[in-house]
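The values are calculated or read from the model by the stated rules, or taken from the named source; none is laboratory data. Here the structure is a predicted model, which means the values were calculated and not measured. Positions of Cβ are generated from backbone atoms using ideal geometry, with glycine treated the same way; all protein chains shown enter the neighbour counts. Keep in mind that these areas ignore ligands, DNA and RNA; they rest on the heavy atoms of the full protein, side chains included. Shrake-Rupley method; radii C 1.70, N 1.55, O 1.52, S 1.80 Å.
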Amino acid sequence: MSKKLNKSDISPVLRLLILAGIGILIIVTLFPFYWVIRTSLTMNSRIYVDAGKLLPPSPTFINYRRVLGLVDATTSVALGGTGQAVNFLVNLKNSFIVAVGVTVFSTLFSAMAAYAFSRLHFPGRDKFFYLILAAMMVPGVVMMIPNFVFVRQLGLLNSYAGVMAPAFIMTPYAVFFLRQFFLGVNKEIEEAAYLDGAGLYQTFFIIILPLMQTALVTLAVTTFINTWNDYMWPLIVGKKNEIRTLTVALGVFRSQTPQGQPDWSGLTAGTVLAIIPALAIYSVFGKKIVNSVQFSGFR
């Protein structure tokens, strides 16, 4: 019979080695992000000169002002930049519209589909679900060209609907993920609701969805972050600046190199600004995601 391991059973030396290992892993994980911040606070002319220093030499926020378009092109070029600016507020708005739209509707429709696969009985239910599982095995890049042709035929190029189209309805992973949670809900709860006169939709929206809060928040956060960071699909579908997302705008900013090399200071400053919303959302809902991973039933 196995014995439960307590903290007192671990020697101080082993505990110290474990903490040291965890500390090293944390440093290795966070160092690239720190270097992005350091570069964003460094003048372009000093990036390579002071490359060996951990702290930014003469830190300045001028790169953030350049990215936001608060510095004129002549001054930007004199500071070692490209003279170009990201239309940050417009691109930020576009990213929010796309990410929020995909998150809300994809989570809702995926929950409805997952509930149908876990509770309702209809002809071919299991076969349809197996098809969804098979779709999870197909790399997203394989579907990119068919999706592009379909969106173009619908006349949705350079529109929010076209950018959101592939994940707007649902994704195979989301259906599979939520179905596993729906299967863990006690059927007696639904039976009691039916006895009280609740219909299918009332039971789903009023009784079941609140019980699935942890799973729904987890899926919504991961969907938002993945959509927010998506680059390839918004690049090929939304080329106009009016609907260009922030990740695509940063890519365009990266390609503008009139002085022969990328504007690394401006690019990293824009990257830091683009990361902030995702970090804020994850910091607020991170605990629910951890609880979802540890999910073992309803209390």
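Data table
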| quantity | calculated |
| --- | --- |
| Shape metrics for segment 122-206, restricted to C-alpha atoms - Rg then Dmax, Å | 17.8, 50 |
| Accessible area per residue in Å² at 1.4 Å probe, computed on the chain | 59 |
| Dipole of the chain, positive end: most advanced residue of GLY101, LEU14, SER283 [Cβ charges, Cα centre] | LEU14 |
| Structure-based [θ]222 nm, the chain - -39500 (n - 2.57) summed over DSSP H runs of at least 4, per residue, nearest 500 | -20500 deg cm²/dmol |
| Heavy atoms of LYS239 accessible to a 1.4 Å probe, total area in Å² rounded to 10 | 140 |
| For ASN87, distant residues with modelled amide H under 5 Å away | none |
| Percent carbon-and-sulfur accessible area, segment 117-223, ignoring ligands, DNA and RNA, probe 1.4 Å | 68 |
| Share of Cα-Cα pairs in the chain lying beyond 33 Å, as whole percent | 44 |
| Given LYS239/LYS287; LYS93/LYS287; LYS127/LYS187, the pairs whose alpha carbons are separated by over 31 Å | LYS239/LYS287 |
| Calculated FRET value between ALA278 and SER45, using beta carbons and R₀ = 35 Å, to 0.05 | 0.70 |
| Net charge dipole size for the chain [Lys, Arg +1 and Asp, Glu -1 on Cβ; Debye, nearest 20] | 480 |
| Nearest-0.05 FRET efficiency for TYR231 and VAL149, computed from C-beta distance (R0 25 Å) | 0.80 |
| Linear extension gain, ILE206 paired with TYR194, 0.36 nm per residue minus alpha-carbon span | 3.1 nm |
| At most 13 other Cβ within 10 Å, DSSP loop - chymotrypsin sites (Phe, Trp or Tyr not before Pro), segment 197-258 | TYR231 |
| Shape parameters for segment 47-201, alpha-carbon atoms, Rg then Dmax in Å | 24.6, 75 |
